[in-house]
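The values are calculated or read from the model by the stated rules, or taken from the named source; none is laboratory data. Here the structure is a predicted model, which is why all the values come from computation and not from measurement. So basically every Cβ, Gly included, is an ideal-geometry build from the backbone, and we count neighbours across all protein chains shown.
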Amino acid sequence: MGKIKIQGKEYNYKPHVDEISMERLKQRLLSHRSFANIFRKNLTDGFIKSMKEIVNPNIRHEENTIWNVMGLSGSGKSLCVISLAKLLTPNIFSHKNVVFYDQQIIERVKNVPRDSFLIRDETIASFGMGSQRIIADLTAISETARKYGVNLAFLSPSEKEISVAKWNLHTVDIDYENRITRLGLQDPFTKKFLGAVYVRVLPEEDEDWKMYNIAKDNFIQSIRDGKIGAKEDYREIAKDIVKKIDLEIFTKKKERVAFIRTQLPNITNAEIDVVATFVEILIKHGSSALENGEEKEIQSTE
């Protein structure tokens, strides 16, 4: 569609376009008159400069940013946002900063370095103990993140309102040859599109991108296997853990909890506690202890 510049380098931007995607663009133009600004204004350098100031402790130390990133599944949101996060915070970003549901934000926000990015992936809807409370209290999440100087990005496959977002970013199209994704930058308050942000995404061999995909695949497989997300499955998870754990090595409860965390890295602390309790029941009372829906209380064995 023409020449664009990204941080001083010029590219001939040629997005993939087919009949259906062109029709979708037309409908978006009809729905949002300001959507045309995406094709008129390249705000990439200004956006990156502003975000770099926010993550620079010497400039806007008390400020953080929250992005609401929207686009169809497969439109490149995850790669795009991970690429931006690594560009803005190259020395502190890790694939471990990508979480799969809201509870993990609360658990990790206090432990990641200041000015980091935490990315909430679109993989599944929020679930788990306390998830409804967390969804209803995005303001608390944003205030916690601001207190600790952590930036947030929420990814969604549909246009979803995030009340605490400071910027909305919509995937528009992709130039596969140059590995550039065009995002529409929208003010979440006025709903006006201001222009485009072009992101040169990471190569496929980038280590964080590869590790993120492994974590995502493992997480999705866990969902399919029924190992995460349903309260009635915790017993089965515990039974599986007991088969794997070596009780001659993991002799104390806190050691067994640590083992469980390594086996189930993508569930919440509250869910870890439930699984750990069921594991202790099985160790103390045998494999039949959790049959027929019985839940038994035990004292700490530490």
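Taking every residue in the range 23-48 that is assigned by TED's automatic domain parsing to the domain that holds E10 and pairing it with any residue that is in a loop (DSSP other than H, G, I, E, B), at least 6 positions away or on another chain, the pairs with Cβ-Cβ distances below 7 Å are S34/K192; D45/Q7; I48/Q7.
Consider the range 90-132 and keep the residues that are modelled with pLDDT under 85 and of a type in the set (G, A, S). The one that is farthest from D206 (Cα to Cα) is G130. From the list D273, D246, the one residue that fits, being under 22 Å from I105 (Cβ atoms), modelled with pLDDT of 85 or more and either outside any helix (DSSP H, G or I) or out of contact with any Lys or Arg (no Cβ under 9 Å at 6 or more places or on another chain) (or both), is D273.
Being assigned by TED's automatic domain parsing to the domain that holds I54 and in a helix (DSSP H, G or I), is that true of even one residue in the range 186-202? No, that holds for no residue.
Within the range 143-160, identify whether any single residue is in the same structural domain as V55 (by TED's automatic domain parsing), among the β-branched types (V, I, T), buried (at least 20 other Cβ atoms within 10 Å of the Cβ) and at pLDDT 90 or above, and answer yes or no. Yes.
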